Amino acid sequence: MPEQQTETGSGRHPRLTARIHHPQRARRPRHPGPALSDALTFAIAFIVVTIGIWVRHGGWDTIVAGSWAEAWESAGALTGLLATAVALIGIALAARTHRFERAIGLDRALLWHRWMGETAALLLAIHIITTLVAYSSREGLAAAISELTGEEQYMALATVGALGMLLITVISLGFIRRHLAYETWYYIHLLIYASLALAFAHEIFLGTDFAFDPLARAFWIAVTAFVLCLVLVSRWGRAIRSIVRPLTVLAVTPLNDVAATVELGGRNVTDLRAAAGQFALLRPLTRKLVWQPHPYSISAAPTVDRIRFTIKALGGASEMMTHLPVGTKVAVEGPYGTKIYEQLRGRKLLLIAGGVGIAPVRSLMEDFGPDAEPVVIYRARRAAEIVHYDELVALADTRNGRIIPVVGRTSDLADGNPFDPDVMQALVPDVAERIAVVCGSQPMIHAAFQCLRACGMAPADIHFERIWW
């Protein structure tokens, strides 16, 4: 490694003994089993029954044989029902149920959650437009707007709820989301619960599909209650348990100007059943940070009494995290991220990391022996961004591995872009025979994936977690 890069190596992590041994499961099994199939069955059945309720109450007949206004109103009723149904499915995906999250990974669940949210917002917009067209054709635009936004009982609440859902969708768009602080996005995002609650009453008491059909109304209430219970038990229940049983900050070790390791300990570490390569939501129980859970990766294989995270100070909460006093109580929610040990075992490893994405790679290396022959490609824009280099070298030396730091702008690299297939094959001649783990920014993950596919690696052999925060 070049001289200026070796100066950025972190302090060595103490050799930890008494490793936790518990069954490991694959990150994304090729056959995720009943968790995924049950979820898909529930979602499809819910959509089919929702459309069936609309058809049963004459929705399709009205579109085919009804008047212009009636057809638009019927279309509005269908899109309103589907908007709520899709939103409920999206909320269920974000409930973080242990079984489902282990089957497909939290990143994929939240990606689907985002798609459901965008679809629900589109259906909601169509619902508003079609209903407005129907009412306008009978009484004029001004009267229709007045009636639909406040004159009818529950409609004012529904209007506020609709605006809340549309706001959440807008701030979650990539080009807007990246300019918002995580805390700002997180708290506005929580408005989805209030938005659905505000819209619920107008569906039940004003919607023709439920107001005069006790069976349909009972079904809708039951599904809504089921999703609410999922969220309360799986998501908020897990958060409350982590607060009741916190860990304690044992040490905070600066790695460079912007990153540090935070080591937590306590008798509750074993209850986490954490594994290398996973991450958790950390919530320091201090006045300023208790309301702000943030995701950080495990950077050393957990032991029976301690667990280590690597944190990059990006401002706000993450900067305060890198300066936590020893003894601070921290709620640890998780861990998240499916365990990949079983899928990697017995294969030669190619580990690709960018910046602080080296944290899960560093922890994964501890789980494998010399037969893994790990090759680590460590991408960074500046030498000062490299962390854990000494630890990586020490681990590679005992595992027949290599560390390949790639530092600088892509256009300035003397040996070329490492994500060019020819350069990759020169760096790792047996790349097609290996199994890869990629950790870093979304653009880097995309570039690495395309490169590895061009080098002949099968998609099933390329593992990564999408950045969802």
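Points worth noting:
- Built amide H within the under 5 Å cut-off of THR328, gap 5+: VAL249
- Two-site FRET efficiency, ARG409 against GLU147, from Cβ-Cβ distance with R₀ of 41 Å, rounded to 0.05: 0.10
- Label-to-label distance, nm, for residues given as LEU285 and GLU366 (7 Å Cα→Cβ offset): 2.5
- Each of ASP367, ASP412, ASP397 was scored by other Cβ atoms within 10 Å of its Cβ. Listed from fewest to most, they are ASP412, ASP397, ASP367.
- Couplings for the range 446-451, taken from phi via the Karplus curve 6.51 cos²θ - 1.76 cosθ + 1.60 with θ = phi - 60°, read 4, 5, 5, 4, 4, 5 Hz in order; Gly and Pro are left as x.
- Values of log10 I(q)/I(0) for the range 34-239 across q = 0.07, 0.10, 0.15 Å⁻¹ run -0.22, -0.45, -0.99, by the Debye formula with one identical scatterer at each alpha carbon and no solvent.
- All alpha carbon pair distances within the chain were sorted into 10 Å bins beginning at 0; the resulting P(r) in whole percents reads 4, 18, 25, 22, 15, 10, 5, 1.
- Only helical runs count toward this figure. For the chain, summing -39,500 (n - 2.57) over DSSP H runs of n ≥ 4 and dividing by all residues gives -15000 deg cm²/dmol at 222 nm.
- Seen from every direction in turn and averaged, the convex hull around the alpha carbons of the range 247-306 projects onto 4.5 nm².
- Sequence-distant residues sharing a close amide H with ARG402 (under 5 Å, placed H): VAL375, VAL376
- Extension gain (nm, one decimal) between VAL326 and CYS229, 0.36 nm per residue minus Cα-Cα: 31.2 nm
- Stretch gain in nm, segment ALA194-ASP61, where the contour uses 0.36 nm per residue and the Cα spacing is subtracted: 44.5 nm
- Antiparallel beta bridges, as assigned by DSSP with both residues in the chain, represent about 60 percent of the total such bridges.
- Whole-angstrom gap from the range 157-180 to the range 338-414, using each part's C-alpha centre: 38
- Stretching the chain fully between ILE51 and ALA426 yields a gain of 129.4 nm (0.36 nm per residue, less the alpha carbon separation).
- The range 341-464: relative contact order as a whole-number percent, Cα under 8 Å and 6+ apart: 28
- If both residues of a DSSP beta bridge must be in the range 341-464, then about 0% of such bridges are antiparallel.
- Computed from the Kirkwood radius of its Cα pairs, the Stokes-Einstein diffusion coefficient for the range 121-210 at 4 °C and 1.567 mPa s stands at 91 µm²/s.
- For the range 341-464, diffusion coefficient by Stokes-Einstein and Kirkwood Rh (Cα), 25 °C, 0.890 mPa s, µm²/s: 172
- Each peptide in 130-141, 429-440 was scored by the mean count of other Cβ atoms within 10 Å over its residues; highest first, the order is 429-440, 130-141.
Laboratory data are not the source of any read-out in this text; all were calculated from the coordinates shown. Small disclaimer: the values here were computed from a predicted structure and weren't measured. Cβ atoms come from the backbone with ideal geometry, glycine included; neighbour counts cover every protein chain shown.
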